[in-house]
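The values are calculated or read from the model by the stated rules, or taken from the named source; none is laboratory data. It should be emphasised that the depicted structure is a prediction, and the values quoted were computed from it without experimental measurement. All Cβ positions, glycine included, derive from the backbone under ideal geometry; neighbour counts span all protein chains shown. Accessible surface areas use protein heavy atoms only, side chains included; no ligands, DNA or RNA. Shrake-Rupley method; radii C 1.70, N 1.55, O 1.52, S 1.80 Å.
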Amino acid sequence: MNKNRQNLRMEHKKRKRKRIFLWVLVPLLVLAVGSSAYLAYLYNVAKTSAEESFDTEFKRETKYREEAVNPDQDNVSVLFIGVDGSESRDYGDATRSDALMLATFNVKDKSVKLVSIPRDSYVYIDEVGYYTRINHAHSYGGPALTMQTVEDLLEIPIDYFVRLDFYAFMDVVDALGGIEVEVPYEIWEKDAEDNNGAIHLQPGVQELNGEEALALARTRKLDNDMERGKRQQQILQAILDKAISVGAITKYPEIMRDISENTKTNLTFEEMKSFVNYALSGDLQIENLQLKGSDSTINGAYYYQLDETALEELKAVLQSHLELEGTSVAKKDENELTN
């Protein structure tokens, strides 16, 4: 082979490699630009949704914080308040809370402790000056009084609240395409509009839509508030598992819009972004804890009577998790609280 032919062949190979490189590079660049554009779109949707959900009129002082906290740097708590509001339950400001879930966040070890608070817990509500069900606090004073009541009960600061109604819950589950959970027994339950027996579920692991998941979260006919709380934690975990799955990212805009329409919070968008660090840590630890107690009848009415010893232990665990000054660590193993 002469030198000219060899040079031409080498040049042809170079051009061929260049074409192959371009065929590979161009799709990758398109994907990269597309992903960046989609991430920017998601960011803008999230920002708009957060701004729509932000309660501009909410104001509250607490004796448990001397300075404002920053969830990007500080240990904080968030109280999730599920209210029993729907088109058929137009209670206005008198809406009661149907579910209370407290989350404490430790910024150093990126851990979360999740406590389900039974709606019929017999507690003292300072605003009215007597003991009654904890879910009445919302009807007396909205999120602010609910936060204060939980603070007084657990002796920790409640920094933020997220208040959502039936529709926000159902829309999120439906937007995700349903969630897989275990139904413990046969259930006949009302739907969101209080139609009796509208939801019928058989026992076993299965995929539920929004209405069905709501029925499972609300029912307690064959057990009690404690078991109901455990189910709500399991449902929340199923939602989180589905939300972080690969296919769920395309659903995020719809989910965020659905949430913003039926949610109020005192979290700003900047504060919300801080919690992303927990999900990205790669070692997120979520521990489910229980407020132990027993069924009780007081003056002819049903209440969930909290166990005082278990309550004190739970207080210590949460105070320790938030690293509050002057608090003690629970003497008993935290695992006992999860049983």
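How would Arg231, Arg96, Arg133 line up by accessible area, probe 1.4 Å, largest first?
If we order Arg231, Arg96, Arg133 from most to least accessible, we get Arg96, Arg133, Arg231.
Calculated FRET efficiency, Glu254 and Glu207, Cβ-Cβ r, R0 22 Å, to nearest 0.05?
0.75
How large is ³J(HN,Hα) for each residue in the stretch 143-149, as worked out from phi by the Karplus curve 6.51 cos²θ - 1.76 cosθ + 1.60 (θ = phi - 60°), to whole Hz, x for Gly and Pro?
Running phi through 6.51 cos²θ - 1.76 cosθ + 1.60 with θ = phi - 60° gives x, 4, 6, 4, 4, 4, 5 Hz.
Can you give me the solvent accessible area of Asp152 with a 1.4 Å probe, rounded to the nearest 10 Å²?
Only protein atoms counted, so the area is about 50 Å².
With labels modelled as points extended 7 Å from the Cα through the Cβ direction, what inter-label distance (nm, one decimal) is found for Thr297 paired with Asp152?
According to this spin-label approximation, the distance is 2.8 nm.
Take the cross-link list Lys242/Lys292; Lys110/Lys190; Lys63/Lys190; Lys63/Lys242; Lys47/Lys190; Lys221/Lys264 and give me the ones stretching past 32 Å between alpha-carbons.
Flagged as over cut-off: Lys110/Lys190; Lys63/Lys190; Lys63/Lys242; Lys47/Lys190.
Count charges around Ile187 for me, please; just the other residues with Cβ under 13 Å from its Cβ, Lys/Arg as +1, Asp/Glu as -1.
After counting each charged neighbour, the total is -2.
Can you list the residues, at least 5 places off or on another chain, whose amide H is less than 5 Å from the amide H of Leu291, using H built in the peptide plane?
Ser116
Quick one: if the Förster radius is 30 Å, what FRET efficiency do Glu66 and Asp126 give, using the C-beta to C-beta distance and rounding to 0.05?
0.90
Sorting Glu254, Glu180 by accessible area (1.4 Å probe), largest first, what list results?
Highest to lowest solvent-accessible surface, that is Glu180, Glu254.
Could you give the length gained on full extension between Asn44 and Glu57, defined as 0.36 nm per residue of separation minus the Cα-Cα distance, in nm?
Between Asn44 and Glu57, full extension yields 2.3 nm more.
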